[in-house]
1. Any residue at all in the stretch A:189-204 that is of a type in the set (S, T, N, Q) and assigned to a helix (DSSP H, G or I)?
2. Please state which one of A:Gly116, A:Gly148 is within 9 Å of another protein chain (Cβ to nearest Cβ), touching a helix residue (DSSP H, G or I) at 6+ places or on another chain (Cβ under 8 Å), of a type in the set (Gly, Ala, Ser) and under 28 Å from C:Val56 (Cβ atoms).
3. Name every residue in the stretch A:96-132 that is in contact (Cβ under 8 Å) with a residue 40 or more places away in the chain and surrounded by fewer than 19 Cβ atoms within 10 Å (Cβ to Cβ), in order of residue number.
4. Provide a single number: the residues in the stretch A:340-374 that are closer than 24 Å to A:Tyr182 by Cα and either loosely packed, with under 15 Cβ neighbours inside 10 Å or aromatic (Phe, Trp, Tyr) (or both).
5. I'm trying to understand the selection: among the residues of the stretch C:27-57, which are outside any strand (DSSP E or B) and under 21 Å from C:Gln17 (Cα atoms)?
6. Just to be sure I understand, how many residues within the stretch A:260-311 are in contact (Cβ under 8 Å) with a residue 60 or more places away in the chain, within 14 Å of ligand 3 (Cβ to nearest atom) and among the hydrophobic types (A, V, I, L, M, F, W, C)?
7. Give the residue that is nearest to the chain's Cα centre (by Cα), with candidates limited to residues of the stretch B:10-23 that are surrounded by fewer than 17 Cβ atoms within 10 Å (Cβ to Cβ) and in contact (Cβ under 8 Å) with a residue 24 or more places away in the chain.
8. Given the criteria in contact (Cβ under 8 Å) with a residue 40 or more places away in the chain, within 13 Å of chain B (Cβ to nearest Cβ) and surrounded by fewer than 24 Cβ atoms within 10 Å (Cβ to Cβ), does A:Glu191 qualify?
Amino acid sequence: MSGKYKTPLLDELEKGPWPSFVTEIKKAAKKSPMADDELGQLEKSYRTKRGYWKHGGIVGVLGYGGGVIGRYSSLPEEFPGIAHFHTVRINQTSGFFYTAEALKMICDIWDKYGSGLTNMHGSTGDLVLLGTTTENLEAIFAEYSSRGWDLGGSGSAMRTPSCCVGPGRCEWSNIDTLDITYTLTQEFQDELHRPAFPYKFKIKTAGCAVDCVAAIARADLSIIGTWKGNIQIDQAEVKKYADAGMNIQAEIVEMCPTNCMSYNGTLKINDAECSRCMHCIAKMTKALRSGKEKGATLLVGSKAPIVVGSLLSWVIVPFIKVDAPYTELKDMIRKMIGWWDDTAKPRERIGEVIEAEGMRSFLEAIGVPAQPQQVKEPRKDPFFFWEESDFQK
Amino acid sequence: METAELQEKIFAYMEKMKGKKKLKEKDVIKALAEETTEAPDAVKKALRGMIDVGRLMYSYGGGASSVEIPSEEYLREKGLIK
Amino acid sequence: MALPKRQTDIGPPKYDQFIPPVIKKNYGKWKYHEVLTGGTMVHVAESGDTLHTVRVASPRILSTETIRDICDMAERYCEGYLRFTTRNNVEFLVSDKSKMEPLLKELKEKKYSVGGIGPRISNIVHTQGWVHCHSACTDASGMVKAIMDDVYDYFTTKELPNKVRLAVACCVNMCGAVHCSDIAVVAVHRKVPTINHELVTKVCEIPTTVASCPTSAIRPNPKEKTVTINEEKCMYCGNCFTVCPPIDIHKPDEDGVAIVVGGKIGSLRTSPKFSKLAIPFFYNEPPRWPKVVAAVRNILETYAKNAKKHERVGEWIERIGWESFFKLTGIEFTFQHIDDFTFARDTFRTSAAFKY
Ligand code: HEM
Ligand code: HEM
Ligand code: HEM
Ligand code: SF4
Ligand code: SF4
Ligand code: SF4
Ligand code: SF4
């Protein structure tokens, strides 16, 4: 079983200081014939420069429409161990926090039913178990769910929301990213497991504009923590940065995008002009803290380039309070999703629908007024529409 | 309408549409809500009941999910038929 | 053996079961953090409590054996607490500072790579590749390994003007948010797929196949029970192959990768940006893609030499201008660089002022 294949090309990738995925596959192959065949097929791909995977075949657990991605080798006779090699997506925890005990439990079950290979984590956020057969799916689900772990989303459904480490370990977080993500994951269980949407929908939450989960680039709804009020300055700490050799004029004041800072021994910020970009706070974390009124900006629409080009999320709600139990946030999300669900053609992401239908249609549907924070600049052309309601004002 | 009766109607509709069009859950709900004048939520609940026991199933293809009548292979795999 | 009873719609376990006591106590009350070395930092709470973090590279594909080894170390030095980052690093959460030294020692002995914190390169966000995806026109894991071996010093110790975020996507679906990275590799097909008509008739649903094409390049051919592809419209996305494997998108001798640069996610200083095309094509050269690796290094080092402190790659390029970027890096400018897609006209120059 194990070590069936000679892998001269892949062996090249065991050299060098960076941890090697080939070594990982080989470790799994010691125990799993599936992983060994994965290794064999991959070596073949390296030789012929092409993949040998097939999509399709409907797999899943009873009652759910997602969480398992069917994957089959297109060379099942040559590599019988990976004739089936399905992906199982398990909900990650908020902020990817684990205990050794929990992870070992996950490993024990996976060794029993799968290839022993994982992705920690998949790009959607889920904990990804790589490679099992159709027959094992119900057992895998029973084992994990009985221990408190559920499947993630796939297909035309919500994806497991994900977030940055937030208040767990970051002084810049304006909102409780972990709790928001946990709460929303629970709130949308049905939408996650039973694909009823036009296409996928992703929610990612970052505690501040640094955006360590790349929410603004890869979530249909990006929730990004922000604040109102003045940046809090500790001048004694500012002085320590200066004493330690920081060139405050060049590195902070001159890099402030709004030119709202000045420094002559004391640091001054004209907060009315500050755009809350986080540069100064990130560089002088001991001296500066964000303002006291906390909330979030809701941005909508980012997606990868398929098909008419990538989108970054657009500001829709400049400032919303997000405190437990997050009623206002949940209502707003339901309104957004509801409009999209009613309006989209199959396989249209929410950003594409907003482009097709017009921003006004979306904003009115969710009850958000037009605000200058939503645009970089107003329109340039004089070709605009008027609606009946505009004449009644 | 009794749930069981509604479910029969859903199943009849699914059989009628089989092979013609990939139906999203929403398409089924809309069609049956019109046909039976039941509330969409009631149709959804009945539909979900059928999916939970494998009488219908979610399917996936070409990037989009749909609902369909399960194959024998699927039922056998789930231990629902021998 | 009887299986335990399944539960549905329970979601993940709540995060608070997995956070160490020091985080529970100081939750949301962190005061500042200090980067200690390329791979270690300390967070200090308002209460004065501290939490040390050791960040360790992972190839993302992990065997259960390695996960257990990481867990064993977490048990020895962190009361079992650990986390992963968005960029797939492992973080040991050390509450007891005296455990740092033995942890780092064991990591070193076992050849784990500690790094990725501060103005450096962190782990490369990447997708499945030949390891597990039908769509892949390159292998993401192998390319990541080859690049990281080469720029290893910038992960562990050496500093850059700011963070540099790298990504690899193995097809234009770009599952990993490659489109906003400082430097990213994206794999591209370049030829219209070949159709095996006999098999299409046998195994494919014609309407589904037609509908799968985002550019409406596929037409049904009802007489022959197959499809035709309009070569003018096809942009080689491979969606048709996904639903109908006899339409083969793979062209091993023509597939390869492009390099895009200058994207960013954070709103710090300047708005988030998309990455833009730097090099339109390299052939696949497994197992180590030497030309791609050299090109990444060239861009990285040109940036390191020329950018101001705190400037990201995209900010540096915007300051000096793209024409200077091509000059400094010595990268050839081609017709592929000029946009002819959705937003093309926004990219044409409309000013008489520019550089040579
Ligand atoms: C029609 C287009 C697409 C197809 C056919 C497709 C197909 C797939 C498949 C088969 C996988 C699973 C890979 C595996 O684990 O075996 C996958 C993963 C994924 N896809 Fe897509 N995808 C498409 C478009 C997209 C787009 C546009 C995005 C992003 C906005 C995206 C985001 C993801 C993510 C985040 C993953 C997880 C990848 C990972 O963890 O490495 N996909 N996709
Ligand atoms: C249907 C829409 C439009 C109509 C009917 C229209 C009509 C006209 C007319 C009749 C003139 C005067 C020509 C002359 O005296 O020789 C003119 C001039 C001009 N229009 Fe338009 N126009 C339209 C839209 C626009 C738009 C959208 C723009 C710019 C965004 C624009 C920019 C100009 C400019 C720059 C001039 C020259 C003004 C000058 O020489 O002082 N027009 N237009
Ligand atoms: C695909 C894109 C990106 C991903 C997946 C990503 C992911 C991450 C991850 C995992 C962390 C560690 C945070 C944690 O502890 O959980 C992080 C930190 C960070 N990232 Fe990113 N990032 C991306 C792009 C960017 C970009 C473009 C910027 C800059 C504008 C950026 C700026 C930062 C900063 C400032 C930190 C935190 C400070 C630190 O760790 O020292 N990231 N990012
Ligand atoms: S996004 Fe902001 S709050 Fe969240 S971890 Fe990053 S820097 Fe901290
Ligand atoms: S947050 Fe940004 S805009 Fe505001 S003062 Fe600091 S650097 Fe300037
Ligand atoms: S980027 Fe493309 S090839 Fe890579 S995992 Fe995503 S769909 Fe597959
Ligand atoms: S590769 Fe993409 S664009 Fe070309 S025919 Fe197939 S689906 Fe259409």
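1. Yes, the stretch A:189-204 contains at least one residue that is of a type in the set (S, T, N, Q) and assigned to a helix (DSSP H, G or I).
2. Residue meeting the stated conditions: A:Gly116.
3. A:Met105, A:Asp111
4. The total comes to 1.
5. Residues satisfying the conditions are C:Tyr27, C:Gly28, C:Lys29, C:Asp49.
6. 5
7. B:Phe11
8. Taking the combined requirement at face value, the residue satisfies it.
The values are calculated or read from the model by the stated rules, or taken from the named source; none is laboratory data. Because the structure is a prediction, the values reported are computed rather than measured. In this analysis, Cβ positions are derived from the backbone assuming ideal geometry, glycine residues included, and neighbour counts consider all displayed protein chains.
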